[in-house]
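In what follows, a single structure is set out as structure tokens and then discussed.
Please treat every number below as a calculation from the coordinates, not as lab data. Here the structure is a predicted model, which means the values were calculated and not measured. With ideal geometry, Cβ positions are generated from the backbone for all residues, glycine too; neighbour counts draw on all protein chains shown.
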Amino acid sequence: MPCYMTKVFYASPQDLAKRIPELWPLRNKKMAIFGLGSLGAPSVLEFARAGMKKIYMIDYDIVDPATMVRWPFGFSITGERKSDILKKFILNNYPYTEPEPVHLRVGAMPILEDEDKSQLKRINQYDQISSIIEKSDLIYDCTAEWGVAHFLTDLCNEMNTPYIGVSGTQGGWGGKIFRIRPYKGTGCW
């Protein structure tokens, strides 16, 4: 009669923290990532891998096959919402992170899919975004939209929430990363 041995793997949050103890504090942190494009999507995955407790993923866009060279997944997910793809992947691969998609067009009127457009109600984005920022320990902006960045930094300053902005230049030959810590000064550009 053959004897089979089973390999035991250790993957509790504590086991993972032993590999990179500097990231252990992230297990109790929540963040919001605005923009899930070529910089936002890989960032979401890295924050999930690092053990972030909760990630609010704010974007309304779908995956376009023309931009596949800049996105972490291939053609099979074309036409699906970016936030839903990322949520599914995180739940399957990083079970200690809670991904929460927020289908919101920051700075634009929302498109109502299943409602009579004649009954269009103005959805107060300010309240939605304020609520997300209030629940978050960090705002990570990958929208590459200066108007959105100014709006978010103003809100972060009011709520005393750290802000990181990331953007790339056309062609991907460079970019900017900046942080604003309102509790360390004025939180001003």
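Some notes on this structure:
- Signed unit charges on C-beta, dipole axis of the chain, positive-most listed residue 178, 95, 1: 1
- Two-site FRET efficiency, residue 178 against residue 66, from Cβ-Cβ distance with R₀ of 30 Å, rounded to 0.05: 0.55
- Residue range of the chain that is longest and free of trypsin sites (Lys or Arg not before Pro) which are both DSSP loop and sparsely packed (at most 14 other C-beta within 10 Å): 8-104
- Estimated from the Cβ-Cβ distance and a Förster radius of 41 angstrom, the FRET efficiency linking residue 75 and residue 3 is about 0.35.
- Its residue count N sets the reference 2.2 N^0.38 Å, and the alpha-carbon radius of gyration of segment 14-93 equals 1.16 times that reference.
- Exposed-site-free run, longest, the chain (rule: GluC sites (Glu not before Pro); DSSP loop; at most 12 other C-beta within 10 Å): 1-112
- Two-site label geometry, residue 125 and residue 29: point separation in nm, points 7 Å out along Cα→Cβ: 2.7 nm
- Net charge in the neighbourhood of residue 75 (other residues with Cβ under 15 Å of its Cβ; Lys, Arg +1, Asp, Glu -1) is 0.
- Förster radius 25 Å - calculated FRET efficiency between residue 12 and residue 84 (Cβ-Cβ, nearest 0.05): 0.35
- Listed residue pairs exceeding 27 Å between alpha carbons, taken from 82/176; 18/176; 7/30; 7/54; 29/88: 18/176; 7/30; 7/54
- Label separation (residue 170 vs residue 146): 1.4 nm, computed from points 7 Å beyond Cα along the C-beta direction.
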